[in-house]
Every structure is written in structure tokens, then in C-alpha cells.
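Participant: Starting off with a structure, shown below.
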Amino acid sequence: MKRNPGAIALVCLLASTLLTAPADAQRRAAASARTPVTPNGDLWLNTALGVEYAIDRRWSFHLDSQLQVDRDITRLRTLQVRPGFEYAISPNWAAAAGYVQFQRYVTALQTLRGPFQDLLYRDHIGKVAVTGRLRGEELFLENTALLVRARGLVGVRVPIGASPWELALSDEIFVNLKVDGTGRQAGPHQNRAYVGFGRPLAAKVKMSVGYELDTHERNGAFRNVHEIKLGLVFRLN
């Protein structure tokens, strides 16, 4: 029987994502639960997996997952899973909705889960791809508190000459709208600036690697996180 390299890679990456919670990482998480959750200048690793499936001409299914390792890439922090459906309103505009869960492995952090809604814009200026996204999230904490926030993202992808590589730049701003019972403050509180590179590995597989500066404000104090991001996206049809 003919083997599909893309399918084999997908199965291997899914297994790695689900099993990357070794006992030593869990012990480190428990031992450091009483220390500050995120030191300023911390170095994180983010491994991302995306799956896309076109249902018909307008509808598509998307599954995004991200595994984060913090404390200078030594401690398992969070697994984010975000399944959703997208509807193409026009060639440039689309709407999406789904569910997201931020599963926390650090004792001092609470798991968040709830629905999300996206309004997306995609276009090209010459060979440069332009993306805009406005996202709303209603996240329920374990203590029944509700965090409502909006996220605005703008990004571009620039081809690098005649090579298969492209340069990706983006910036995303987070604004807390409802914070009652969460211990957080309303208003702008986070910014993510990303620069990276991507290229196709096969007809339906694309990889990316980059750096993200995450600036987070809480209770009047700012902290920066330096994040190395590795990603794979699989199109199933």
C-alpha cells in the first residue's frame, strides 16, 4: 500500500503534541508553582499544528493547537486547542466561530475555555499577502469568572525572490472588555509582535519558524516574553 508522507508526519506530530507532558516536566511545574508565573525576559518555545479541511466552496473546518514551554524552555506551560468553522462571505471577507481551551499545566494558572468569533480580511497588494483579523473571546475560568476580550491582528507575507520562502510579519493587540472576578484589568493589556519565515514542504504541507515578542501589562507592571515559534499546517484536501 502506498504511504502518504504528509499523513505520516501529521500522525507523528499529533502524537508528539499529546504526549509531550513527561513526568519530570510535571514535577518541575509543581515545585515552581509558588514562584512568579512568568519572569520578565523569559524564553518560551511554542510548537503549533494546524489542520484545514474545505467542506465546500464557502465552508471550511480549521483545527489549531499550540504547545507552550516556558522557564527558558524547561517547563510545560499550556496546551491550546482551537477547533472552528469558517464561512467565506466574499473573495476577501470571511467569518469564523468555534471553541478554544487553554489547558494549563502550571498549578498557579487556571484553565480557560469558551467560544470565539472571527471576522477575517485577506487580500494581495501585488505579490504581498495582507491579512486582518478581529477576534472576540468569551473565556470561562475555573472559578466561574468570565473574561471577555477582543484581539486585533494585522499581518503581511512577502515572497523572498524566486525562492519558496516568504517573510511573515504581524502584530496583535489584546483588549480586556469584561474582567469581573478574574483579577485582571480592563483595557489594552497585551501586544504580540512576530517576525518569521515560512515555506511549503509539500503540496499540502507548510512550515514556519519565527520569533515573537509578547509584552503583557498587569496591575501596572510590564513583562516581556521572548518566544520561539515552530509551526506546521496541513491541508487535507
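Participant: I want to confirm something. Restricting to region 135-145 and keeping residues that are surrounded by 14 or more Cβ atoms within 10 Å (Cβ to Cβ) and without any contact (Cβ under 8 Å) to a residue 40 or more places away in the chain, which single residue is nearest to GLU52 (Cα to Cα)?
Facilitator: Looking at the filtered set, the residue picked out is ARG135.
Participant: Within region 52-64, which residues are over 13 Å from the mean Cα position of the chain (by Cα), in a strand (DSSP E or B) and aliphatic (A, V, I, L, M)?
Facilitator: Scanning region 52-64 gives a single hit, ALA54.
Participant: Within region 98-129, can you find the residues that are of a type outside the set (Ser, Thr, Tyr), out of contact with any Leu (no Cβ under 9 Å at 6 or more places or on another chain) and either loosely packed, with under 14 Cβ neighbours inside 10 Å or under 30 Å from TRP165 (Cα atoms) (or both)?
Facilitator: Correct list: ALA108, ARG122, ASP123, HIS124, ILE125, GLY126, LYS127, VAL128, ALA129.
Participant: Here's a follow-up. In region 127-158, what count of residues is obtained for those that are closer than 20 Å to LYS206 by Cα and hydrophobic (A, V, I, L, M, F, W, C)?
Facilitator: Looking only at that region, the number is 5.
Participant: While we're on this one: List every residue pair whose Cβ atoms sit under 6 Å apart, with the two residues 6 or more apart in sequence or on different chains, where the first one lies in region 180-192 and is farther than 14 Å from LEU139 by Cβ and the second, anywhere, is part of a strand (DSSP E or B) and not acidic (Asp, Glu).
Facilitator: Correct list of pairs: ALA186/ASN176; PRO188/VAL175; ASN191/ILE173; ASN191/THR215.
Just so you know, all these numbers are worked out from the coordinates, no wet-lab data involved. Since the structure is predicted, the reported quantities are computational estimates derived from the model, not experimental observations. Quick reminder, even Gly has a Cβ in these numbers, built from the backbone with ideal geometry, and neighbours come from all protein chains shown.
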